[in-house]
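Down below is the structure, laid out as structure tokens.
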Amino acid sequence: MFPPPSSSPSPRPEERATLLMAADTAGIKLAAARLKAGGLVAFPTETVYGLGADATSDAAVAGIFQAKGRPRFNPLIVHVQHLQAALAYGLFDATALKLAHAFWPGPLTLVVPAVSDRISLLARAGLETVALRVPGPDVARALIAGAGVPVAAPSANRSGAISPTSAADVMAELGGRIDMVLEGRPSAIGVESTIVAVLPGGAMLLRPGGIALERLREIVPVGVQQDHGTRERPQAPGQLKTHYAPRAGVRLNATVLRPGEAGLDFGGVLAGASFDLSPSGDLGEAAAHLFRALRDLDATGVGMIAVAPVPDHGLGLAINDRLQRAAAPRGA
Ligand code: TXA
Ligand code: MG
């Protein structure tokens, strides 16, 4: 039986020696073998680093939840090599096909009706839909191809923490809890994929991310979900209110720095800030720097991070979504 949803913390993960290897031919080959054998392997994608496991294995997928300390009601994105492979697991109507053709490989996840029992119900959190994505980097797709299985992969951080955009971030988050980290380039996009549900009612944005809503709407009409669900019944459960949380507090829309705060600027408006996400006001550049900057400022031990206003269009939608969650009171 599928275990009942539970928000209680998973049992302590077993200790594992975590191997760090460059994402060259030998590294990819070993990582693929580890995945195939049921191991936990972190790998680079263009959005953030993912923590991968064989999506067809309940035991391997359970390992992801355990290593991350992730609530089990939170379903995972299944990564595949190409659209052809995705068609084996999900039902793609004309709208879904248009989006896949326009943006895959790339930072778009499509939630579609599941058509196969091969994907672990644990990865789907018992839902009748499945989240599918074809990641951009050759390294990621070579890994999936080598493993020969669909790869379930959430961001490779402890549940609730800031998503990793480099192999070093992954080691800091999950070293000793997973089998291997495949080290590639830092993630170029820097925020997670845009998630769109394409169900009989049409296309609906579930999570803003690396592809701007405006770009999706050039291809098909896309609605925006207002109801983010509840803790018991999350719509896109990465959408829990507290997420991406640094240890420090986060104050949004800051135009002046208060004593004791570290400043995170955008477009050169916050005098005395430690870092500017994009001095020229480029939202893509800001997204790419966001998690790195939060992580680095947090590491200084400062009590409060004050963040300048970021416009709410293009990738700004994803940036503000992550910032609001980073700023939400703990336990929300
Ligand atoms: O960019 C990304 O998407 C990264 C990289 C590694 O690919 N992955 C990622 O996964 O962000 P994760 O697990 O942190 O976020 C998965 C999101 C969650 O919000 C989850 O609730 C949603 O996808 N999701 C997965 N399956 C779903 C489903 N069947 N229906 C609705 N939402 C789903
Ligand atoms: Mg995540």
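The values are calculated or read from the model by the stated rules, or taken from the named source; none is laboratory data. It should be emphasised that the depicted structure is a prediction, and the values quoted were computed from it without experimental measurement. For neighbour counting, all protein chains shown are included, and Cβ atoms are generated from backbone atoms with ideal geometry for every residue, glycine included. Ligands, DNA and RNA are stripped out before the accessible areas are found, and what is left, the full protein with its side chains, is counted by its heavy atoms. Shrake-Rupley method; radii C 1.70, N 1.55, O 1.52, S 1.80 Å.
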On the given criteria, is residue 130 farther than 20 Å from residue 187 by Cβ, in a strand (DSSP E or B) and in contact (Cβ under 8 Å) with a residue 60 or more places away in the chain? no
Considering only residues of the stretch 211-230 that are within 12 Å of ligand 1 (Cβ to nearest atom) and open to solvent by 10 Å² or more (accessible area, probe 1.4 Å), which is modelled with the lowest pLDDT? 229
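Residue-by-condition table, conditions (1) touching a Pro at 6+ places or on another chain (Cβ under 7 Å); (2) in a loop (DSSP other than H, G, I, E, B):
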{"residue": "14", "(1), (2)": "no, yes"}
{"residue": "20", "(1), (2)": "no, no"}
{"residue": "34", "(1), (2)": "no, no"}
{"residue": "38", "(1), (2)": "no, yes"}
{"residue": "52", "(1), (2)": "no, no"}
{"residue": "73", "(1), (2)": "yes, yes"}
Restricting attention to the stretch 164-187, does a residue exist that is within 16 Å of ligand 2 (Cβ to nearest atom), at positive phi and either buried (at least 24 other Cβ atoms within 10 Å of the Cβ) or within 11 Å of the chain's Cα centre (by Cα) (or both)? no
Among (1) within 9 Å of ligand 1 (Cβ to nearest atom); (2) buried (at least 17 other Cβ atoms within 10 Å of the Cβ); (3) over 21 Å from residue 39 (Cα atoms), where does residue 99 come up short? (1)
Go through (1) closer than 30 Å to residue 32 by Cβ; (2) in contact with a His (Cβ under 9 Å, 6 or more places away or on another chain) one by one and return the number of the condition residue 185 breaks. (2)
Apart from one, (1) among the hydrophobic types (A, V, I, L, M, F, W, C); (2) within 23 Å of residue 34 (Cα to Cα); (3) free of Cβ contacts under 8 Å to residues at least 40 places away in the same chain all hold for residue 122; the odd one out is (3)
Pairing a residue in the stretch 135-162 that is on the phi > 0 side of the Ramachandran plot with any residue that is surrounded by fewer than 19 Cβ atoms within 10 Å (Cβ to Cβ), where Cβ atoms lie under 9 Å and the two sit 6 or more apart in sequence or on different chains, gives 148/36; 160/69; 160/242; 160/330
Extreme residue, modelled with the lowest pLDDT, among residues of the stretch 1-52 that are among the charged types (D, E, K, R) and open to solvent by 30 Å² or more (accessible area, probe 1.4 Å): 12
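Let me confirm something: among 158, 118, which residue is assigned to a loop (DSSP other than H, G, I, E, B), open to solvent by 10 Å² or more (accessible area, probe 1.4 Å) and closer than 25 Å to residue 290 by Cβ?
Exactly one residue qualifies, and that residue is 158.
So, residue 140, is that one within 9 Å of ligand 1 (Cβ to nearest atom), under 28 Å from residue 200 (Cβ atoms) and surrounded by 17 or more Cβ atoms within 10 Å (Cβ to Cβ) or not?
When the stated conditions are applied, residue 140 does not pass them.
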Checked 118, 133 against criteria (of a type outside the set (A, V, I, L, M, F, W, C) and more than 16 Å from ligand 2 (Cβ to nearest atom)); the one match is 118
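Looking for something within 13 Å of ligand 1 (Cβ to nearest atom) and open to solvent by 40 Å² or more (accessible area, probe 1.4 Å) - is there at least one such residue anywhere in the stretch 102-111?
Yes: the stretch 102-111 contains one or more residues that are within 13 Å of ligand 1 (Cβ to nearest atom) and open to solvent by 40 Å² or more (accessible area, probe 1.4 Å).
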Inside the stretch 285-323, can you point out the residues that are assigned to a helix (DSSP H, G or I), open to solvent by 10 Å² or more (accessible area, probe 1.4 Å) and farther than 15 Å from residue 208 by Cβ? 285, 288, 289, 292, 295, 296, 297, 298, 299
Residue identified as more than 26 Å from residue 170 (Cβ to Cβ), without any contact (Cβ under 8 Å) to a residue 40 or more places away in the chain and among the small types (Gly, Ala, Ser) among 303, 314, 281: 281
List every residue pair whose Cβ atoms lie under 8 Å apart, where the two residues are 6 or more positions apart in sequence or sit on different chains, the first residue falls within the stretch 202-213 and is closer than 14 Å to residue 312 by Cβ, and the second residue, located anywhere, is within 7 Å of ligand 1 (Cβ to nearest atom). 205/195
Residue check: is residue 55 surrounded by fewer than 17 Cβ atoms within 10 Å (Cβ to Cβ) and out of contact with any helix residue (DSSP H, G or I) (no Cβ under 6 Å at 6 or more places or on another chain)? no
